[in-house]
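Rule-based calculations on the coordinates, nothing more; no lab input. Keep in mind that what you see is a predicted model, and the values were worked out from it rather than measured. Here the Cβ positions follow ideal geometry from the backbone for every residue, glycine too, while neighbour counts run over all protein chains shown.
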Amino acid sequence: MMARPPNLRVIPGFDTTLGLTLALLSLVVLLPLAALVLKAAGLGVAQWLAIVTDPRVLASFRLSFGGAAIAAGLNGIFGLLVAWVLVRYRFPGRKLVDAFIDLPFALPTAVAGIALTALYAPNGWVGQFLPFKVAFTPLGAMLAMVFIGIPFVVRTVEPVLQDLESELEEAAACLGASRAQTFARVILPVIAPALLTGISLAFARAVGEYGSVIFIAGNMPGVSEIAPLLIVTKLEQFDYVGATAIATLMLGLSFALLLAINLLQKWNRQRMGAAS
């Protein structure tokens with residue numbers, strides 16, 4: 001059997017792959033963001049502040065970021081429950097339910113928005129029985145955010161639950177721990193990093209969501225209008241200055257929040273490493 005030459009590589013070396021990676025990253029991510037920042041740099045501070053502090057703009061940001069935060073929190077709770085059921089229990093139709101979890105990934109967002117609107121409209125199959133209005137309100141926007149974000153939580157928590165040894169729970173029960181104590185002190189510390197990651201991914205997706213939200217939100221300025229829709233509206237009105245100012249604010253807030261979430265995850269991983 002012939003020995004393999006020591007310098008033979010299946011893929012190009014470090015220099016080539018790093019160069020290709022940086023070139024692709026620059027073309028797809030860095031250059032568009034740099035162009036946006038440079039465009040915004042041409043605005044004066046007073047003009048930029050006047051645009052982003054407009055009541056309509058502030059209302060759209062409250063719905064985009066506030067609604068995304070609420071939706072991410074709900075996804076953290078219900079996504080954990082769904083992942084727990086899929087991992088710990090066997091029941092008829094389990095594989096079908098597991099497949100449906102990935103549906104928001106594959107479903108076009110416009111189709112999701114139309115389907116949610118048809119269900120939760122005042123005359124919809126579900127909406128007609130509800131004592132409150134869902135469609136064409138901020139609540140409808142948050143419902144769409146929950147729909148598109150829950151797979152991120154389920155798919156990040158599910159592998160961790162699968163690797164969690166049941167002996168740890170049995171040992172806790174033998175030591176007299178209740179179910180709540182077992183979950184809080186044994187299970188939650190193990191799955192916390194994955195749960196935080198899933199929640200952050202769901203939050204990031206909800207902040208930038210457009211297609212599924214605009215159909216069910218109603219898009220009333222100052223009430224149920226999201227920031228991405230306001231940017232598109234500005235562009236359609238040829239208000240490129242306003243669109244650029246709003247886009248840079250959204251970029252800065254998104255970057256700051258994701259950075260904070262990543263630092264929180266890093267701290268949690270270090271804490272878990274020190275505890276072990």
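Structure notes:
- Residue that is nearest to Ile77 (Cα to Cα), among those in segment 169-185 that are loosely packed, with under 11 Cβ neighbours inside 10 Å and among the aliphatic types (A, V, I, L, M): Ala180
- Pairs are defined by a Cβ separation below 8 Å, a sequence spacing of at least 6 or placement on different chains, a first member in segment 84-96 that is within 25 Å of Leu188 (Cα to Cα) and in contact (Cβ under 8 Å) with a residue 12 or more places away in the chain, and a second member that is surrounded by 10 or more Cβ atoms within 10 Å (Cβ to Cβ) and basic (Lys, Arg); the pairs so defined are Leu86/Arg94.
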